[in-house]
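Values in this text are rule-based calculations from the coordinates and carry no lab data. Computed from a predicted structure; not experimentally measured. Here the Cβ is made from the backbone with ideal geometry for all residues, glycine too, and neighbour counts use every protein chain on show.
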Amino acid sequence: MRTVIVPTLNEEDNIERLVRSIFKVLGTWNTHVLIVDDDSTDRTHEVVSDLCNEFPSLHMIVRKGERGLGSAVRLGASHYRQSQVVVMDADLSHNPKYLPSMFEKLEQGFDVVVGSRYIPKGDIVGWLGSRIAISKVATAMARAVFRVPVSDPMSGFVGCRSGRLLEEGFDHADFKFLLEMLVKNRSLRVTEVPIVFHDRAKGTSKLGAITIALYIGLVLRLLFTKGRRPLS
């Protein structure tokens, strides 16, 4: 079974298009889509509920009193522990057309597949030069300090061979859960597929100064964390 987990917060402008695109490229057989929503204040719930009537393998969890990408991903993965899982953003920055190649890599035996912006044929569209520079500096820092085996350890477009691996693979990270997973689980078989990342066209970005602070905090935590946890 293939599962796509999509954390959401106020994504009424994007979520219908995304869900329809996912099912268009993957089909409805053997494919599940799980929306994990952090109690959106717009019409996200209503839009997804209507889509659930059309797509029986579309499901939604609405969290009350808890927010954060990392915890939403773990919660979603806990419901699909035996399934191959891909996590993607709800704002259409991650194009569903890359999903078949990501699941294909998992079928080939890789534990983790990363949608990478920084390998040949990968790119970023719509970001200011300053934002690209910040991303590249953060990426270079992660690769230099932790020697992770991928070009884009900051990616949020991530596939895992099982929901269990994703659920148990990291503890603290919010937006940058892939980095913690790779640092703590050095035996993982990891590969990348190139993606073209598009900045959101609608809605408000959740990123900003707080994301930078969370990233710095994660780096410091990982630097002083000695434990490693090989996952079977």
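Anything in region 1-32 that is closer than 13 Å to R200 by Cα and touching a Pro at 6+ places or on another chain (Cβ under 9 Å)? List them, or say none.
Within region 1-32, just L18 meets the criteria.
Quick one: count up the residues across region 195-206 that are among the aliphatic types (A, V, I, L, M) and under 14 Å from the mean Cα position of the chain (by Cα).
Of the residues in that region, 1 qualify.
Residues that are of a type in the set (D, E) and out of contact with any Asp or Glu (no Cβ under 7 Å at 6 or more places or on another chain), at least 1 per element: which helices (runs of 4 or more DSSP H) completely within region 1-80 meet that?
Helices (runs of 4 or more DSSP H) meeting the threshold: 15-26, 44-54.
Residue by residue through region 13-53, note down the ones that are of a type in the set (D, E, K, R) and in contact (Cβ under 8 Å) with a residue 40 or more places away in the chain.
Within region 13-53, D13, R17, K24 meet the criteria.
Could you count how many residues in region 98-134 are under 16 Å from S155 (Cβ atoms) and surrounded by fewer than 18 Cβ atoms within 10 Å (Cβ to Cβ)?
Number satisfying all stated conditions: 11.
Hey, among the residues in region 150-174 that are touching a Leu at 6+ places or on another chain (Cβ under 7 Å) and surrounded by fewer than 19 Cβ atoms within 10 Å (Cβ to Cβ), which one's nearest to K105 (Cα to Cα)?
E168
Say we look at region 30-69 and pick out the residues that are over 13 Å from V6 (Cβ atoms) and of a type in the set (G, A, S); which of these is surrounded by the most Cβ atoms within 10 Å (Cβ to Cβ)?
G68
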